[in-house]
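Values in this text are rule-based calculations from the coordinates and carry no lab data. The shown structure was predicted, so the numbers you read here are calculated from the model rather than taken from an experiment. Here the Cβ positions follow ideal geometry from the backbone for every residue, glycine too, while neighbour counts run over all protein chains shown.
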Amino acid sequence: MAEADAFLRDRAYSSFTEKLMSRDIQPGQIVSQRELVQITGMPLGAIREMIPRLEADGLIRTVPKRGLQVPAIDLDLIRNAFQLRKIIEREAFDHFCREGPEAEIDRFAEEHRAMREEALAGATPDVVARAQRLDWGFHDHVIDALGNAIISDIHRVNAIKIRLIANADTKILPELVVSVMDEHLGIIYAMQARNPARTVSAIHAHIESARKRAVGL
């Protein structure tokens, strides 16, 4: 029974984050537990059990006498999320530059060059969507390659916040696809050269570029 409860709780968590990313749940919105049942399609018991996890992850907070509030996208959230991202990715990309398989680094280079060429030919909605998946997948893969479950878990939660910010202000726009691919290729070429200092400098510049877009600079 406990195993079944845990399964439903995990499904409720996944459903909540999916609805958050799709904007069926809005940043700053206040919802009740019963509204979350309707939004996620999960039973009330699973909703109640997932709330402590969401609170621990900073994805929701209890507002006395009002309900549950999703964090609003503000300067504090942007600053904190991007600062954490820099800390995690500095270690991850330094490690991948030193230890990442050559074949994987070469594959990333090929994928990014191909995506860049597609974007130059026309940044259609399909191209933009695939570029966004390539962007996120690249970062996720490098971080997971650390083999550190604690860091990967922290990254996954922070990535939800970063991607929530991205949905609002910093997602890859058609006119930015080529520049984002170029930023990634700068990182990848530094890794191909097995140059950790250049790799870390390139990833910091890439993250800073995304942060500036988030604050409208």
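The Cα trace of segment 75-214 gives Rg and Dmax of 14.3, 41 Å, the first to one decimal, the second as a whole number. The string of couplings for segment 8-20 from the Karplus curve (6.51, -1.76, 1.60, θ = phi - 60°) is 5, 5, 5, 5, 5, 4, 4, 5, 4, 5, 5, 5, 5 Hz, one whole number per residue in order, with x for Gly and Pro. Relative to the longest principal axis of the Cα atoms of the chain, the long axis of helix 196-214 makes an angle of roughly 50 degrees. Residue separation of Met21 and Arg98 scaled by 0.36 nm, minus their Cα-Cα distance, works out to 24.4 nm of gained length. Between helix 149-165 and the chain there is an angle of about 90 degrees, using the helix long axis and the longest principal axis of the Cα atoms.
Note on Asp182 and Asp153: the model spin-label points, each 7 Å out from Cα along the C-beta direction, lie 4.1 nm apart. For segment 81-153, the dipole from Cβ point charges (+1 on Lys and Arg, -1 on Asp and Glu) about the Cα centre works out to 280 debye, to the nearest 20. The stretch between Gln132 and His204, if pulled fully straight at 0.36 nm per residue, gains 24.0 nm over its current Cα-Cα span.
With respect to the chain, whose longest principal axis is taken over its alpha-carbon atoms, helix 44-56 is tilted by about 50°. For the chain, relative contact order (Cα pairs under 8 Å, six or more residues apart, normalised by length) works out to 24 percent. Between Phe7 and Thr62, the simple spin-label model (points 7 angstrom out along Cα→Cβ) gives 2.9 nm. Modelled label positions at Leu44 and Glu117, each set 7 Å beyond Cα in the direction of Cβ, lie 5.8 nm from each other. Only DSSP H runs of four or more residues enter the estimate; each adds -39500 (n - 2.57), and after division by the residues of the chain the mean residue ellipticity at 222 nm equals -24500 deg cm²/dmol. State which stretch of the chain is the longest one without any exposed trypsin sites (Lys or Arg not before Pro), exposure meaning a DSSP loop state and at most 10 other Cβ atoms within 10 Å. Of all site-free stretches, the longest is 67-217. The Kirkwood radius of segment 2-69, taken over pairs of alpha-carbon atoms, gives through the Stokes-Einstein law at 37 °C and 0.692 mPa s a diffusion coefficient of 277 µm² s⁻¹. Taken one residue at a time, the phi angles of segment 180-185 give Karplus couplings (6.51, -1.76, 1.60, θ = phi - 60°) of 5, 4, 5, 4, 5, 5 Hz. Gly and Pro are set to x.
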